[in-house]
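A quick write-up on the structure given underneath.
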Amino acid sequence: MPDKLHKVLESLKKQPYRGNITHWRVLPPQPPQYADFPDWLHPRLVEVVRASGVERLYTHQREAIELVGEGRNVVIQTPTASGKTLCYNLPVLDAVLRDPDTRALYLFPTKALAMDQMIELAKLAEKLDPAITADTYDGDTPADARRRIRRSGNVIVSNPDMLHAGILPHHTKWLSLFEHLRYVVIDELHTYRGVFGSHMANVLRRLRRVARFYGCKPVFILCSATIANPGELAESLLEEEVELVDRSGAPTARKHFILYNPPVVQANTGTRESYVMHARRLAAKFIEAGVQTIVFATSRINTEVLVHYLKDVVEKSPDRRGWIRGYRGGYLPRMRRGIEAGLRDGTVRGVVSTNALELGIDIGKLDCCIISGYPGSVASTWQQAGRAGRRSGDSVAVYLARNLPLDQYIVLHPEFLFEQSPEHARINADNLLILLEHVKCAVFELPFEKGETFGGEDLEEILELLEEGQLVHRAQDKWFWMADSYPAQDVSLRSMTRDNFVIIERSGRPAEGGDLSGEGFDERLDRSGINRPRVIGEIDYSGAFYHIFPKAIYVHDGVQYQVEELDFENRKAYVRRGDFDFYTDAEDKTAVHVLDVFDEAPPAPARAYHGEVHVANKVVGFKKIRYYTQENVGYGDVELPEREMSTTAYWSRLSGSFLAGLPFNKVELVSGLYGVKYVLHNLAAFILMCEIRDLGTAVGAEREGEELKSLFQTGDPLAEAVGEDFEPQIFLYDNYPGGIGFSEKLFLLHRQLWEGARQRVSDCPCRYGCPSCIGPALETRGPQGTVIPVPRRKEAARVILSQSC
């Protein structure tokens, strides 16, 4: 064990840390299992690989390469750093050595990962034969390079977005690729789930269709981190048979896996010490001891707050500046590449990241990983933990629990992580909204012929719909694209909109309370001596509503900016640098309206339904949260457009006569209902083994669909009686337009879900409700703004659950 890491681990066995550790498991090292190179591999290729230090293959590498050599599609699921790259590089380079016209397409979910893999492949190709070319093709590729790559590139390294919008629609410019396409490599298969995976399945339908047109049927090689159904997911994406390789022969080193729970500070409410402060304390302890550390946070805000805290405690002297960095979506490519390089060469000692660094981007070999909050799935937890550790030498992963039901369950039931099967990755490639968009893209690329299929829906019916909209034209038995529009440019694979917002730092004076000093400030000056405006980052459409509204504090790698203007139409946010002792947190409201009922359970106090709903979400305000103390030091209003979608939902309607017979007033009932919603939401994610953000929630009145929180702001809620016409509904909906199947499963599991929620609330030792069961108390206000306590809130939730099951 490295001496530095050993000393920190020994200190964790003492107070005050020991009392917070609920489980400490040492995962033993595993020896390697080797196999010889296949006899049919090109001798020159074997020679070069051996010269790089790989004398023999691991058994899973040999198995995968043999299957690819037989022309079979294969998916490889083995741990991080197990050498999956050779599973596809060797057969691809062997084919190119034997036939220089051979082409291969490598697809990675991010440009950063594509660049990483291209560099490694290019080094190997250069040693083999300088004539073999491997190039990235993405939005940053210069125009002159694009022409050369289209004409002569052996291996094209790209991403699904570029394939969708930049390659398939222009396939006539890619004759050499599609006429000789032998292999398609898809890395990080586990990321293709939900909406992104459903889009990807349709892009692959289009890719296979174009390849068939040019007479090619490529072999697909897929690689995945640990999920429960890699073979099923691969076959769902490809709609072809796929062989699974999942017995790893790679060695693993000893890993310490620690479950850590901050202590309770208020027993009645179940309040615990801030997990963010404990993450700061633990990370600083490892970093100060010389152990390079990665901290994973669950959101953009938490990432930047932790960067702020760690910089305060670690970067106390000028020679330590730059030791702590953040990493998340929205940072510009050059900044991300600099952070990655700093991690590899050791100048960055600690990085705080969202799940952006879960993927296999080369960041060197770190020895410590702190997972601050359950990342949403068992698979992601192990993927994050795997970012620390080498094939030899000890490492540590610390899972730090938030005061939330799933987090608390895990620290008290370690078998969930160590014995539970990881989640199933689900897609719905025939989601009509998604399918319709890709049919448009496909007919733009090549006309459809009568009898041709595209997915599981009736293609001719879809084409007739497009014909009515004057987008396609039928001539005899073929449909041709006839509109002037270019359909792929209007389809985002990762969401339902492709509009990102650019964040621009304005020149001139700092924002009120701030200054312009500090690391990272752009030193370029205009003639007046004032810094010019510059783009500092970007943010996706949905994130813009929560992070760059006017007056928001936008934090970027620990540097604070205040949003002065949001140009919504042109997708630009203008910010000015400042120095603030608080950050902002957006608040929203959600209203759900039932459009259609697909199925309903028999009458009951809590009657279950499944159907189609309309969801309207609006960010209405924000809180100012002081650093360290977490005090709420102010509010502000936000005026932004509503976001709307139609999706599928499971909901429970509470009988008015049932509620009228309970011994609670309306405020107590409403507060209890929100508690029921909270525990149902968390438990539903657990039962479905999906990420909690995959499900949206709302509590609404039957007639209007408005949020019942409005009862707290009007009149005297304590005086309101509960009549039989009061029939609220608790909604759990698929948080994706069109739905992806979660709500139907919840409808079928209605009784199990409510019984599990009742058990969870009954078993929680808190008195009034806490984040581990029904969530923190709502802020309830009566006339003249007086605060109304709801001490019977937990009791109301418990009774509703008990008498509804």
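The values are calculated or read from the model by the stated rules, or taken from the named source; none is laboratory data. It should be emphasised that the depicted structure is a prediction, and the values quoted were computed from it without experimental measurement. Note that we place each Cβ from the backbone using ideal geometry, even for glycine, and neighbour counts take in every protein chain shown. These area figures cover heavy atoms from the full protein model, side chains too; ligands, DNA and RNA do not enter into them. Shrake-Rupley method; radii C 1.70, N 1.55, O 1.52, S 1.80 Å.
Tabulated data
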item	result
Every pair of residues 6+ apart whose Cβ atoms lie under 6 Å, when the first sits in the stretch 150-178 and is free of Cβ contacts under 8 Å to residues at least 12 places away in the same chain and of a type outside the set (Val, Ile, Thr) while the second is part of a helix (DSSP H, G or I) and surrounded by 22 or more Cβ atoms within 10 Å (Cβ to Cβ)	none
Residue selected from the stretch 646-680 under the condition in contact with a Lys or Arg (Cβ under 8 Å, 6 or more places away or on another chain) and charged (D, E, K, R), by the criterion least open to solvent (accessible area, probe 1.4 Å)	668
Condition check for residue 583: in contact (Cβ under 8 Å) with a residue 24 or more places away in the chain, closer than 22 Å to residue 551 by Cβ and outside any strand (DSSP E or B)	no
Hits in the stretch 258-294 - residues which are closer than 16 Å to residue 12 by Cβ and aliphatic (A, V, I, L, M)	258, 259, 279, 282, 283, 284, 287, 289, 291
Some residue of the stretch 307-314 being of a type outside the set (Phe, Trp, Tyr) and touching a Ser or Thr at 6+ places or on another chain (Cβ under 9 Å)	no
Every residue from the stretch 756-771 that is in a loop (DSSP other than H, G, I, E, B) and not hydrophobic (A, V, I, L, M, F, W, C)	765, 767, 768, 769, 771
Failed criterion for residue 459 (all others in (1) open to solvent by 50 Å² or more (accessible area, probe 1.4 Å); (2) at pLDDT 90 or above; (3) touching an Asp or Glu at 6+ places or on another chain (Cβ under 7 Å) hold)	(1)
Filtered residues of the stretch 529-572 (kept if of a type in the set (A, V, I, L, M) and modelled with pLDDT of 90 or more)	535, 536, 539, 544, 548, 552, 553, 555, 559, 563, 566
Residue under evaluation residue 396, criteria (1) within 22 Å of residue 78 (Cα to Cα); (2) surrounded by fewer than 23 Cβ atoms within 10 Å (Cβ to Cβ), criterion not met	(2)
Those residues of the stretch 74-117 which are of a type in the set (A, V, I, L, M) and open to solvent by 30 Å² or more (accessible area, probe 1.4 Å), in sequence order	81, 86, 97, 115
Residue, farthest from residue 253 (Cα to Cα), within the stretch 405-421, restricted to residues that are surrounded by fewer than 21 Cβ atoms within 10 Å (Cβ to Cβ) and in contact with a Ser or Thr (Cβ under 8 Å, 6 or more places away or on another chain)	412
Cross-chain or 6+ apart pairs with Cβ under 9 Å, the stretch 325-346 first and more than 21 Å from residue 560 (Cα to Cα), then of a type in the set (Asp, Glu)	340/116; 340/362; 343/362; 344/362
Close pairs from the stretch 558-570: first on the phi > 0 side of the Ramachandran plot and in contact (Cβ under 8 Å) with a residue 24 or more places away in the chain, partner open to solvent by 70 Å² or more (accessible area, probe 1.4 Å) and acidic (Asp, Glu), Cβ under 9 Å, at least 6 apart	558/519
Residues that are in a strand (DSSP E or B) and farther than 22 Å from residue 747 by Cα, drawn from the stretch 636-660	636, 637, 643, 644
Boolean, residue 315 is open to solvent by less than 10 Å² (accessible area, probe 1.4 Å) and charged (D, E, K, R)	no
Within the stretch 600-622, considering residues that are in contact with a Phe, Trp or Tyr (Cβ under 6 Å, 6 or more places away or on another chain), open to solvent by 10 Å² or more (accessible area, probe 1.4 Å) and not in a loop (DSSP other than H, G, I, E, B), the one farthest from residue 739 (Cα to Cα)	600
Verdict on residue 229 being open to solvent by less than 40 Å² (accessible area, probe 1.4 Å), closer than 30 Å to residue 370 by Cβ, at pLDDT below 95 and not hydrophobic (A, V, I, L, M, F, W, C)	yes
Residue in the stretch 32-44 that is crowded, with 16+ Cβ neighbours inside 10 Å, in contact with a Phe, Trp or Tyr (Cβ under 9 Å, 6 or more places away or on another chain) and closer than 25 Å to residue 232 by Cβ present	no
Residues satisfying the stated conditions in the stretch 681-691, i.e. within 15 Å of the chain's Cα centre (by Cα) and surrounded by fewer than 22 Cβ atoms within 10 Å (Cβ to Cβ)	689, 691
Enumeration of residues in the stretch 118-138 that are open to solvent by 70 Å² or more (accessible area, probe 1.4 Å) and within 30 Å of residue 335 (Cβ to Cβ)	119, 120, 123, 126
When residues of the stretch 358-387 are limited to those that are of a type in the set (A, V, I, L, M, F, W, C) and in contact with a strand residue (DSSP E or B) (Cβ under 6 Å, 6 or more places away or on another chain), the one farthest from residue 685 (Cα to Cα)	366
Answer from 147, 56, 62 - the residue that is farther than 28 Å from residue 249 by Cα and open to solvent by 50 Å² or more (accessible area, probe 1.4 Å)	147
Odd one out for residue 177 among (1) at pLDDT 95 or above; (2) of a type in the set (A, V, I, L, M); (3) within 18 Å of residue 202 (Cα to Cα)	(3)
Hits in the stretch 191-220 (condition: in contact (Cβ under 8 Å) with a residue 24 or more places away in the chain, part of a loop (DSSP other than H, G, I, E, B) and not small (Gly, Ala, Ser))	192, 193, 214, 216, 218
Identity of the residue in the stretch 56-88, of a type in the set (Asp, Glu) and without any contact (Cβ under 8 Å) to a residue 60 or more places away in the chain, that ends up farthest from residue 239 (Cα to Cα)	66
